[in-house]
Amino acid sequence: MIAWVAWVRAGRVARKLDALSQSYWELRYDFTRLRSQVARLDPAVPDEEDRAPAAAAAQTVSFVPLSSMKKKE
């Protein structure tokens with residue numbers, strides 16, 4: 001009996017995960033499509049190639065230890 005209940009719950013969780021994953025990818029697709037539409041409408045927004053050097057410079061620090069963020073008394 002307990003195994004059957006666990007099996008049913010696992011099926012429900014799997015279906016919810018599939019639905020959530022589907023929603024995520026639809027949202028990513030819509031976001032990309034809308035971003036490209038905005039880029040076409042507003043040429044003042046820099047392209048990906050123009051932002052790449054600034055993004056690379058901003059990503060030089062990839063890890064900040066939590067100990068460095070503690071309040072010093």
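Key figures for this structure:
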{"read-out": "R15-R35 pseudo-label distance in nm [points 7 Å out on the Cα-to-Cβ vector]", "value": "3.4 nm"}
{"read-out": "Extension reserve of the M1-L27 stretch, reckoned as 0.36 nm per residue once the Cα distance is removed", "value": "5.4 nm"}
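FYI, it's all coordinate maths here, none of it is from the lab. Being a predicted model, the structure only gives us computed values, none of them experimental. We place every Cβ from the backbone using ideal geometry, glycine too, and count neighbours over all the protein chains shown.
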